[in-house]
Amino acid sequence: MNPLAHVANVGAGIASLTFFAAFILTLWPRQELTIGAAILYAIGTWVSLGILARNFYVMGAIAYGTSDSGVPNAAASIWFLLPITAIGYALIAPILLWPSIPQATAMRYGIILNLTLIPLLTALLFARTYIGTQGYVLPDVLKWLVYALLWFRIRQSYDNKKPL
């Protein structure tokens, strides 16, 4: 068995558990639990997108360097957008969940973030998935909706009237 595939499976399990626990914590409207949900969301995002970014960076590097023409494959460099986008989202989204950021500001930037980077990630993943499997693995692409939907759920569950 490929050890990197094992790490990816363990990482996916960790991310799934942290996202599920974060969702459960948002069911109670206490700010302490919402902060815990934000921390779990950050952990799940860093683990899952970190593994994704590393895997696609390696795949892009291999595709970029293995060209039949002797010239690096410039078309393969498009795959470097995926790890850059994933790392950007993994850094920015948890910061916007910080409770000291005003709700209106966080929501404004969160909407921009989740309506630009998430669709870009989804489009790149869908293109890769569709090319590799002729479209039979659509649920793998749809799992990316978790990031945006859970982010909004956590951010909207903050009660800015009560300081921590």
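Only the coordinates and a few stated rules stand behind these numbers; no lab work does. From a predicted model like this one, the values you see are computed outputs, not experimental measurements. Reconstructed Cβ throughout: ideal geometry from the backbone, glycine too, with neighbour counts over all protein chains shown.
If R0 is 25 Å, the Cβ-Cβ spacing of T116 and E32 corresponds to a FRET efficiency of close to 0.20. Taking 17 Å as the cut-off, the amide N atoms of the stretch 82-107 that come nearer than this to a point 7 Å along the Cα-to-beta-carbon line of R153 belong to 94, 97. All other residues whose Cβ lies under 12 angstrom from that of A37 are scored, Lys and Arg at +1 and Asp and Glu at -1, for a net of +2.
If R0 is 25 Å, what FRET efficiency do you get for A21 and F80 from their C-beta distance, rounded to 0.05?
Numbers: r = 32 Å, r/R0 = 1.30.
E(calc), rounded to 0.05, equals 0.15.
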